[in-house]
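Presented below is the structure to which this report refers.
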Amino acid sequence: MSRPIVAIVGRPNVGKSTLFNKLIGQRLSIVEDTPGVTRDRIFGECEWKNRKFSLVDTGGIEPESKDIILSQMRTQAQIAIDSADCIIFVTDVRTGMVATDLNIAQMLQRSNVPVIVCVNKCDTLGDPLADFYEFYNLGLGDPIQVSSVHGHGTGDLLDAVLEHLPEEKEEEDEGEIIKVAVIGKPNVGKSSLVNRVSGENRCIVSNIAGTTRDAVDTTIENKYECTIRVETYQWLETFLLKNEREAKIYLRTFDYIVSDEYHYMVTDTGFNDHVDMSYEAIKELTATKTCIFMSATARILFDTWEKLRRIPAGQHYRLPVDYRFVSSVKFFYYGDEEVDIIRRVKQGEKILVFVETVDKLRRLRDRLKAEGMVDVACLCSKYRKEASEFDKQEDVLKDGVLLHQITLTTTTLYNGVDIKDRALKHIVSELWNPLVNAQILGRKRPLDADDTCAVYFMGYGRERLKGLFQEVKRYQLGPAGEFRRKFKDPDAWREYLYNDETQYILNTSHKCRTVVLDPREGRYCLRKRAYLQALLESAMLQKMLRYGYQEALLNEIDESLLAKVERLDSPPLLDYLDAHLNEERYCEEWQKIFFEIGHIYNKEDRHIKKSWPGFTRARGWLQHYGYDLHKRQKRFEEGQKKTVWWVTKSEH
């Protein structure tokens, strides 16, 4: 039979987790002086006088709070109470009995489960403090004084627990226990996964990143007739930084490590300032444990690993992705074309535009607003110093719905965000990286088969791809290669390090991610995660140079997109020009047409009030589309000379 369950409950910060860790004999639950650190139910095994039972630590109960996290913590505690054979109600002698204690006592009395009042933080031996006796007023029997820090009174507490447990019966063999650790990025659904597999709400689920704080053990009966214990956690990096050895020992207690959304380790530089330790720790486990890497978008990463034999075959899983919601794929090459795409968005439709830099975000916003487009939202990472001049995420997206017709963002919005908005009909990306673009497309979560969206990618010519490839070699792969060859030779490394070109690459340019100065150690180190990212970027750029940008990009995202490529709609002005070729008109008349139909402006206007374009500006725009603009002085019947313009179509 299953073991009896004893639940530890109480208000926040009375020492429940410290008591839990003391009774099970290991530090499984997070302990801090901050209220609300424990949020989910944490299970451990306790043994006293040859009697084993399951001990459950819960988050602090705030009966009257309306906060979303605190209310779900209250729900988790209630589930523990309902399933328990005995309850340890922890209070704090230092603060004395408070109103919240009385409210919790009333809740426990309604449960009809035996309750033991534990008065914690009685850290001195001898007679109890005067405040101890007021806990009799809870109406739950004789309280027991305990010091969870020093262990005083825990024996008396456990004796009382045994008195309330059901009679012990012969325990059946539980069979082999397989422990699985599920690791992933904050707010990508690990808790939902555990709840779905276990069939109950074992983890708090909310849209707030970092909700899960403790490792959560869930025992799951499954079709393989064995027991799987799943632990989810998002604090691996902090664990490694505080105690690397203990963290790695903890990881090795698992039979399987499931690393979900693994591409974030390689593509998301904003995920964590020191994410390299997690990357290295998980990679080390592949030598002795079965590590399963899951991702919907990391095909090129997995292909590279297979080629280099970095991980055994079959230890990665590419989640299936359905791109049927993409109605068309179009490529644009110039900023004017991108703005024209935005102009064409109809009333009732929305467009989401991903740009490469904060500077471009600012310039595009100013240009659109200068043209009179007012329903524009701008979003960048909240950790950037420029964030204050843009919108906050809660003002851009709410419950999966975009709040503005035009949303401009950097890659900050491609992480863990689900957009369930039927009005989102256009997605634009200026970025070249297939891994990033796959994430961008994944933000759209269609509601049904009719919820479709057109996709526009910035086109990259061969020369621009060559430039990107040379940048990766110079700023990423070059320094990494020199580090690997010379770092162990102090003289060779010093000679390389103090070269002017090296100093520019490592310090002045602020572009190198692979070799950085570690502030903790005070010396340069190789960031292996960034090095892998650079290797992947190099491989992708070589494919693009070999097979062509469009084909390589769409092949890496999903082959089905190749059949959806269409020509970009021509600017409306071109149709007008075809109907009026070789027509001589006053230059002012053509300037007005270029301004109103073609949105061609005076280049000097920047983002202030727009004015008509000059001849050189208009001609340059027309030549880009295969037309040409001409001018001459013409004498009219009145004898006046005026400048006339006319448009011709190029033969090439």
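Quick note: the coordinates plus some simple rules give every number you see, no bench work behind them. On a predicted model such as this, the values are computed, not experimentally measured, just so you know. Note that each Cβ is placed from the backbone with ideal geometry, even for glycine, and that neighbours are counted across all protein chains shown.
Charge tally for Phe390 (other residues, Cβ to Cβ under 14 Å; Lys, Arg +1; Asp, Glu -1): +2.
Hey, with R₀ at 56 Å, roughly what FRET efficiency would Tyr547 and Ser111 work out to, going by the Cβ-Cβ distance, to 0.05? In this case the efficiency is close to 0.25. To the nearest 0.05, what FRET efficiency results for Asp491 and Lys369 with a Förster distance of 56 Å applied to their C-beta separation? Calculated transfer efficiency: 0.45.
Between rounded, prolate and oblate, where does segment 510-623 land on the alpha carbon gyration tensor, with a ≥ b ≥ c its root eigenvalues, rounded for a/c under 1.5, else prolate if a/b exceeds b/c? Judged from the Cα gyration tensor, segment 510-623 comes out oblate (a/c at least 1.5, b/c at or above a/b). Residues of segment 422-447 falling in the label zone of Val401, defined by backbone nitrogen less than 11 Å from a point 7 Å along Cα to beta-carbon, are 422-423. Net length available on complete extension from Ala423 to Glu168 is 85.7 nm, with 0.36 nm assigned per residue and the Cα-Cα distance removed. With q set to 0.16, 0.23 Å⁻¹, the log10 of I(q)/I(0) for segment 398-488, from the Debye formula over equal scatterers at the Cα positions, is -0.76, -1.17.
For segment 356-507, the alpha-carbon coordinates run over 63, 34, 30 Å along the three principal axes, in decreasing order. Across segment 404-456, counting alpha-carbon atoms alone, Rg and Dmax equal 10.8, 29 Å. Length available on full extension from Asp359 to Trp646: 0.36 nm per residue minus the Cα-Cα distance, which gives 99.6 nm. Ranked by the mean number of other Cβ atoms within 10 Å of their residues, highest first, the peptides 160-166, 491-497 come out as 160-166, 491-497. Between the beta carbons of Asn137 and Gln78, assuming R0 = 25 Å, the FRET efficiency works out to 0.60 to the nearest 0.05. Peptides 498-504, 348-354, 327-333, ordered by how many other C-beta atoms sit within 10 Å of their residues on average, highest first, read 348-354, 327-333, 498-504.
Sorting 152-159, 578-585 by their mean Cβ neighbour count within 10 Å, with the most densely packed peptide first, gives 152-159, 578-585. The count of lysine pairs in segment 533-652 that are at least 8 places apart or cross chains, and whose C-alpha atoms lie under 22 Å apart, stands at 15.
In segment 336-441, the inverse of the mean reciprocal separation of distinct Cα atoms equals 13.9 Å; this is its Kirkwood hydrodynamic radius. Over all pairs of different C-alpha atoms in segment 363-412, the reciprocal of the mean inverse distance, the Kirkwood hydrodynamic radius, equals 11.4 Å. Normalising by residue count, segment 79-167 has a Cα convex hull of 99 Å³ per residue. Taken as Cα centroids, segment 121-146 and segment 563-587 sit 87 Å apart, rounded to the nearest whole angstrom. Rounded to the nearest 5, the antiparallel percentage of DSSP beta bridges internal to segment 419-548 is 45%. By the compact-protein rule of thumb, 2.2 N^0.38 Å, the alpha-carbon radius of gyration of segment 434-584 corresponds to a ratio of 1.52.
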